[in-house]
Amino acid sequence: MVTTLSRSLHEIWAQDPQAGRLPDVQTSKLTEFCLACFVVLLSFLTSELAGMLEMHVPRPVWALWPGCAVVVTVLLLVRQNLWSIVIPAGLAGFVLYDLRAGLAIDSILILVLVDTAEILTAAVGLRLVFDSRPRLDTFRGLLKYFLVAVISTPMVAATFGAISIQGEYWVSWRIIFLSEALAFLTVPAAISSLVRVLQTGRIKNAGKLREAGILLACVFVLGYVMSVTSGRSLTPALFYALVPFLIWGALRFGQLGVSTSILIIAFLSIWGVLHGRGPFMDATRADSSADSVISLQLFLLCAAIPFMVLAALADEHKQAEIDLRKLGGRLIKAQEDERTRIARELHDDLSQSMARLLMRLNRCQQGMTEASPRFHQELAEVSEMASEVSASLRDLSHFLHPATLATLGLVSAIAGFCREFSERHHLVVKVVHGAIPDDTPEDVNLCLFRVVQESLRNVVKHSGAQEACVDLSARVKEIVLVVEDDGMGFDVKSNRASTTLGLISMRERVRLVGGEISVESSPSSGTRIRVQIPLAGAAQANDPNRIS
């Protein structure tokens, strides 16, 4: 059953929002039937929900009509060859609601024609502008969406819809326009963002889900208190108490947080106005519901737009950070690949050439028995210099690419490096370690080894320390590395310290594996570098789609 459902979803949904128009595929009759039934039910339930916000001027007008916005969202989510199924199914759901509500046949026919024009205007316009699903997480995409869905489409709906309503044309026009504009501003953003989250598997943090639940609960309670339980004496300025929650939703949850919060507020506040409650209801007039609804619609529309723009800018900033992280990861990987290549060339080419040179020098020294003592001394010095060059090449090769890290493991590689580093630079390096898991990821091992390398190099170059200590330990689901020395230290708050290439490289490496690094130092007090890497977080560190 799970396999059948997965195959049906693959036939229906356009899985990559940035892939452009996907080729149409043949869908099974069962999939098409299930999709049609789903859209009919969704349209009917949406209409029932909107029916709670129905007002009469004197014919019925909906202060918030999300039905067409829902159908358009489904059209943008599914493949284009399924539009001929989704549109009639959505209209059928509307007709079922109209029949149940007791509307006349002529009114139903007019509403069907208006809804059809509105749906086609929005769906075709957005498809032409975006050539794929609308991207509302960028300012440019949001602006194009506003022009097509929030301005042009409601104008079409209001122009034709207000004709069929008896009463003042422009009053009906304003109510319909603002109703559709508010619906198209919020509903597609909420549904498409939720679908994208579910498709990409970004819900990986229970804490983030709890935070979302708290946000929506706070918005609902505050909206309910202001719009449903309050009387007409309250000032509309109290709605600004929702601003912190909208900022919270925009910065933490993007368009999904803002649009969902606005929908909750809109439903509660419009319902309150239609029932004579809330601060937007004019207490001095008994027939002020139409004017009050228009004022509330304008307020909600003007309140939603800035926060959706804020959410788009925040998403752009997050995407820029993700791109920078990816670039940093690629640069570090390219650096490691280049180091490996150079180390291999040093080992396979230059080291072998130096070995052959040493062998020939030894044979030459043994064969020239009749040469002068001074020549033998010079030849011996040349051989010794060649031996030193060969050892330096071998050390450089091991420094560039620690082969022992893969063969002997992290602890042995760090201990061997510290021992060689201590002998070469006459620095006492103490190594303390606990039991490190054998299945530690390779990128974590390499990160920790490079941090030790860079830290000890900084000790020799800058601190003037006589002793350093490397402490490597494993705790519950994390590895902790501490490198400290007794040198002169430095001011970690200085600009020079924050822009040091070595520290920047260490921070970037640790961040790429999902860890944290802290540097503690002060003049004449030594330096302490502490790295914490959660083993579970290392596998998810480079996943840009996760919600953390």
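The values are calculated or read from the model by the stated rules, or taken from the named source; none is laboratory data. Note that the structure is a prediction, hence the values are computed from the model and not measured. Reconstructed Cβ throughout: ideal geometry from the backbone, glycine too, with neighbour counts over all protein chains shown.
For the range 87-114, a residue qualifies if it is surrounded by 14 or more Cβ atoms within 10 Å (Cβ to Cβ) and of a type in the set (D, E, K, R), and exactly one does: D98.
A single member of K326, K333 is out of contact with any helix residue (DSSP H, G or I) (no Cβ under 8 Å at 6 or more places or on another chain) and closer than 30 Å to G257 by Cβ, and it is K326.
Give the residue that is surrounded by the fewest Cβ atoms within 10 Å (Cβ to Cβ), with candidates limited to residues of the range 514-539 that are aliphatic (A, V, I, L, M) and at pLDDT 85 or above. Steps first, answer last, please.
Step one: list which residues in the range 514-539 are aliphatic (A, V, I, L, M), which gives 517, 519, 529, 531, 533, 535-536, 538-539.
Imposing the further condition that a residue be at pLDDT 85 or above reduces the set to 517, 519, 529, 531, 533.
Details: I517: 19, V519: 17, I529: 24, V531: 24, I533: 24.
This residue is V519.
All of C447, C418 fail the test of being surrounded by 17 or more Cβ atoms within 10 Å (Cβ to Cβ) and either within 36 Å of the chain's Cα centre (by Cα) or in a strand (DSSP E or B) (or both), apart from C447. For the range 144-170, the candidate set comprises residues that are among the hydrophobic types (A, V, I, L, M, F, W, C) and out of contact with any helix residue (DSSP H, G or I) (no Cβ under 6 Å at 6 or more places or on another chain); within that set, the residue that is surrounded by the fewest Cβ atoms within 10 Å (Cβ to Cβ) is W170. Just so you know, in the range 457-498 the residues that are within 39 Å of the chain's Cα centre (by Cα), part of a loop (DSSP other than H, G, I, E, B) and not small (G, A, S) include one that is surrounded by the fewest Cβ atoms within 10 Å (Cβ to Cβ), and it is V476.
Residue-by-condition table, conditions (1) at pLDDT 90 or above; (2) outside the structural domain of G102 (by TED's automatic domain parsing); (3) within 18 Å of I163 (Cα to Cα); (4) not small (G, A, S):
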position: T27; (1), (2), (3), (4): no, no, no, yes
position: T31; (1), (2), (3), (4): no, no, no, yes
position: C34; (1), (2), (3), (4): no, no, no, yes
position: S43; (1), (2), (3), (4): yes, no, no, no
position: G51; (1), (2), (3), (4): no, no, no, no
position: P58; (1), (2), (3), (4): no, no, yes, yes
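Okay, residues lined up against (1) within 21 Å of K430 (Cα to Cα); (2) modelled with pLDDT under 85:
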residue: V470; (1), (2): yes, no
residue: E478; (1), (2): no, no
residue: L481; (1), (2): yes, no
residue: F490; (1), (2): no, yes
residue: K493; (1), (2): no, yes
residue: R496; (1), (2): no, yes
residue: T500; (1), (2): no, yes
residue: L503; (1), (2): no, yes
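Comparison of S295, S261, S227 shows that the only residue that is modelled with pLDDT of 90 or more, in a helix (DSSP H, G or I) and of a type in the set (S, T, Y) is S261.
Remark: A117 matches the filter, which requires a residue to be in a helix (DSSP H, G or I), surrounded by fewer than 20 Cβ atoms within 10 Å (Cβ to Cβ) and either under 34 Å from the mean Cα position of the chain (by Cα) or modelled with pLDDT of 90 or more (or both).
Name every residue in the range 66-81 that is within 30 Å of the chain's Cα centre (by Cα) and in a helix (DSSP H, G or I), in order of residue number.
Taking the range 66-81 as the starting set, the residues that turn out to be within 30 Å of the chain's Cα centre (by Cα) are 66-80.
Result: G67, C68, A69, V70, V71, V72, T73, V74, L75, L76, L77, Q80.
Given the criteria in a helix (DSSP H, G or I), within 50 Å of the chain's Cα centre (by Cα) and of a type in the set (D, E, K, R), does R363 qualify? Spell out how you get there, then give the answer.
Numbers: in a helix (DSSP H, G or I): yes; within 50 Å of the chain's Cα centre (by Cα): no; of a type in the set (D, E, K, R): yes.
No.
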